[in-house]
C-alpha cells in the first residue's frame with residue numbers, strides 16, 4: 001500500500017456563509033523514491049478565487065486564524081483560478097495516481113474529484129513499520145545536530161544543538 005502512494009496533497013479551506021468550507025489553496029507534491037534527486041519532484045500549487053463570497057464576522061476571524069497558522073496566503077487573498085478550473089488542474093496533474101492526505105475532509109474533497117485517496121492516520125499509519133523495526137540509520141536521525149536545531153525552531157531550546 002505505501003509503495004502505491006505517488007502524491008501527497010493538502011487543501012487549505014476558508015469558511016464562508018456561516019461556516020461552509022471553500023478551498024482557497026490546493027497543493028500536491030510527488031512522493032519520490034529514496035534515490036531520486038529532490039529537483040525531480042513534481043509539484044502543483046493552485047489558488048482558488050473566492051471573490052464575492054459572503055463572510056460572517058465569525059468566518060472572518062476563523063479565516064484570519066487559518067491564514068496565520070496554516071497558510072502563507074493573507075486572509076483576504078483572492079486566488080488565481082475559478083474552482084472548476086482548479087479542480088481540473090488537480091485531476092490532470094494526478095492522472096489516476098494514488099494520493100495520501102491528512103484528514104477526512106480532505107479525503108472527501110479529493111474523492112469528490114474522482115481521485116483515489118488514502119487518509120494518512122486511518123489508512124497509511126497502521127501499515128507503517130514500528131519505530132523499533134526501522135533500520136539503525138533511520139532511528140539515529142533524532143540525535144543529529146540538524147534535528148536538534150529543528151527542535152529549537154519548534155521552541156524547544158533545551159534540545160537545540162546550536163545553543164550548547
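Every number in this text was worked out from the coordinates using simple rules, so none of it is lab data. Since the structure is predicted, the reported quantities are computational estimates derived from the model, not experimental observations. Note that each Cβ is placed from the backbone with ideal geometry, even for glycine, and that neighbours are counted across all protein chains shown.
Between residue 80 and residue 113, the modelled labels are 1.5 nm apart [label points 7 Å from Cα along Cα→Cβ]. Note on 31, 36: ascending count of other Cβ atoms within 10 Å places them as 36, 31, the fewest first. Neighbour counts of other Cβ atoms within 10 Å put 75, 68 in the fewest-to-most order 68, 75. One chain, two ends: residue 72 and residue 17. Fully extended at 0.36 nm per residue, the span grows by 17.5 nm beyond their Cα-Cα distance.
P(r) for the range 7-120, from all Cα pairs and a bin width of 10 Å, is 14, 43, 33, 9, 2 %, short bins first. Computing FRET efficiency as 1/(1 + (r/R0)^6) for residue 92 and residue 132, where r is the C-beta to C-beta distance and R0 is 30 Å, gives about 0.10. For the pair residue 36 and residue 105, what calculated FRET efficiency results from E = 1/(1 + (r/R0)^6), where r is the Cβ-Cβ distance and R0 = 22 Å, to the nearest 0.05? That pair, residue 105 with residue 36, gives E of 0.10.
Where both residues lie in the range 7-120, what percent of DSSP beta bridges are antiparallel, nearest 5?
Within the range 7-120, antiparallel bridges account for around 70 percent of the total.
Once the Cβ-Cβ distance of residue 45 and residue 4 is raised to the sixth power relative to R0 = 25 Å, the FRET efficiency obtained is 0.60. Residues 30, 123, arranged from fewest to most other Cβ atoms within 10 angstrom of their Cβ, appear as 123, 30.
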